[in-house]
Amino acid sequence: MTNKHILAGIALIAGVAVSSVAFAALESEKPVTPAQGWPHEKIIGAHYDRQAAQRGFQIYKESCHACHSLDFVSFRQLEGIGFSEPEIKAIAASFTVMGEPDMDTGDVAERPGQPFDYIPAPFANPQAAAASNNGAVPPDLSLMVKARAGGASYVYSILTGYREPTADDLKHVPGGKIPDGGHFNPYKSGHVIAMSPPLTDDLVTYTEGQPAATVAQMAYDVTTFLAWAAEPKLEQRKSMGFLVISFLLIACGLLFFSYKRISKRVLGH
């Protein structure tokens with residue numbers, strides 16, 4: 001082996017070591033999302049808090065819908081979080097959707113929404129969305145909880161994590177300062193998020209008897225709604241999974257005892 005090969009091997013080992021240290025440093029900088037113990041994440045008895053989900057839809061409608069779409073949710077699906085048929089009709093009618101083209105002119109007129117409609121997007125197209133949001137298209141929220149590592153806890157942490165950064169906080173921000181248009185959020189990768197704080201205390205007015213509309217409560221409510229929107233059949237799926245596993249365990253037990261009885265008769269032990 002020549003000196004050239006030896007030096008190349010040393011350089012390779014050094015490169016791997018440096019890369020490992022850098023990767024470990026990056027891993028240590030990853031924000032840690034606190035688990036919130038959501039009732040829909042239970043293995044047994046998983047369920048959505050329907051009152052919270054209804055309040056969460058109110059927050060989405062009155063605040064989030066100004067920027068974010070919910071493309072995969074129709075009005076009639078809101079029955080899944082406890083809204084009655086008259087309530088769904090009233091909710092749908094409060095939105096404006098595009099009707100069918102006129103047979104003669106081809107013009108498309110707006111009309112009040114109906115239960116079979118999907119919740120309309122706030123912008124006509126991505127270009128319009130980008131133009132209204134400093135060149136960035138706000139993401140659709142239909143699958144947001146499923147699309148982010150940490151799920152509902154991540155979304156909740158982002159919504160409640162906005163704060164004025166301390167000198168120590170800025171040490172974790174690239175460049176040591178918050179760029180123009182950015183906001184500090186310890187749960188966002190890089191600790192900087194472009195979205196302004198979407199929630200403030202008393203942003204919405206809950207009906208009498210509901211909890212106070214604090215940032216924490218509203219974050220819990222809208223996250224519950226978005227978790228349901230991302231997986232509206234979760235309760236049925238987990239319930240069916242529990243029944244299937246129970247059946248398989250019982251079947252395995254019966255097969256085992258049947259085997260023992262048959263082996264005793266045939267093999268004598």
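The values are calculated or read from the model by the stated rules, or taken from the named source; none is laboratory data. Quantities reported herein were computed from a predicted structural model and do not represent experimental measurements. Neighbour counts are summed over all protein chains in view; Cβ atoms, including those assigned to glycine, are modelled from backbone coordinates with ideal geometry.
Among the residues that make up segment 72-94, is at least one of them on the phi > 0 side of the Ramachandran plot, in a loop (DSSP other than H, G, I, E, B) and over 18 Å from the mean Cα position of the chain (by Cα)? For segment 72-94, residues on the phi > 0 side of the Ramachandran plot, in a loop (DSSP other than H, G, I, E, B) and over 18 Å from the mean Cα position of the chain (by Cα): present. Tell me, yes or no, whether segment 164-173 has at least one residue that is part of a helix (DSSP H, G or I) and under 24 Å from the mean Cα position of the chain (by Cα). Scanning segment 164-173, I find no residue that is part of a helix (DSSP H, G or I) and under 24 Å from the mean Cα position of the chain (by Cα), so the answer is no. For segment 177-193, a residue qualifies if it is surrounded by 14 or more Cβ atoms within 10 Å (Cβ to Cβ) and not in a helix (DSSP H, G or I), and the qualifying residues are 178, 182, 183, 184, 185, 186, 187, 188, 192, 193. Before we move on, is residue 205 closer than 18 Å to residue 57 by Cβ and under 20 Å from the mean Cα position of the chain (by Cα)? No, not satisfied.
Being touching a Pro at 6+ places or on another chain (Cβ under 6 Å), surrounded by 14 or more Cβ atoms within 10 Å (Cβ to Cβ) and hydroxyl-bearing (Ser, Thr, Tyr) is a property that holds for residue 162.
Applying a threshold of 6 Å to beta carbon distances and a minimum spacing of six or more residues, or different chains, the list of pairs starting in segment 167-187 at a residue that is touching a residue at least 24 places away in the same chain (Cβ under 8 Å) and ending at one that is hydrophobic (A, V, I, L, M, F, W, C) reads 185/193; 187/158. Counting only residues that are touching a helix residue (DSSP H, G or I) at 6+ places or on another chain (Cβ under 9 Å) and either closer than 14 Å to residue 61 by Cβ or outside any loop (DSSP other than H, G, I, E, B) (or both), segment 95-116 holds 3 of them.
Those residues that are at negative phi, of a type outside the set (Phe, Trp, Tyr) and either in contact (Cβ under 8 Å) with a residue 40 or more places away in the chain or assigned to a loop (DSSP other than H, G, I, E, B) (or both), I need them from segment 240-269; list them, please. Before the answer, list the steps.
Looking only at segment 240-269, we keep the residues that are at negative phi, and these are 240-267, 269.
Filter once more, keeping what is of a type outside the set (Phe, Trp, Tyr): 240-241, 243-246, 248-255, 258, 260-267, 269.
Listed by number, the list holds a single entry, 269.
For the subset of segment 58-71 comprising residues that are of a type in the set (A, V, I, L, M, F, W, C) and part of a loop (DSSP other than H, G, I, E, B), which member is farthest from residue 124 (Cα to Cα)?
Of segment 58-71, the ones of a type in the set (A, V, I, L, M, F, W, C) are 59, 64, 66-67, 70.
With part of a loop (DSSP other than H, G, I, E, B) added as a condition, the list becomes 67, 70.
Numbers: 67: 12, 70: 13 Å.
Among residues in segment 58-71 that are of a type in the set (A, V, I, L, M, F, W, C) and part of a loop (DSSP other than H, G, I, E, B), the one farthest from residue 124 (Cα to Cα) is 70.
Tell me whether segment 138-158 contains one or more residues that are more than 16 Å from the chain's Cα centre (by Cα), assigned to a loop (DSSP other than H, G, I, E, B) and touching a residue at least 24 places away in the same chain (Cβ under 8 Å). No, that holds for no residue.
Condition test on residue 263, is it surrounded by fewer than 17 Cβ atoms within 10 Å (Cβ to Cβ), closer than 30 Å to residue 133 by Cβ and modelled with pLDDT under 95? So residue 263 fails the test. Per this entry, residue 207 is not counted among residues that are polar (S, T, N, Q) and buried (at least 19 other Cβ atoms within 10 Å of the Cβ). From the list 152, 109, 167, the lone residue that is loosely packed, with under 15 Cβ neighbours inside 10 Å, assigned by TED's automatic domain parsing to the domain that holds residue 213 and hydrophobic (A, V, I, L, M, F, W, C) is 167.
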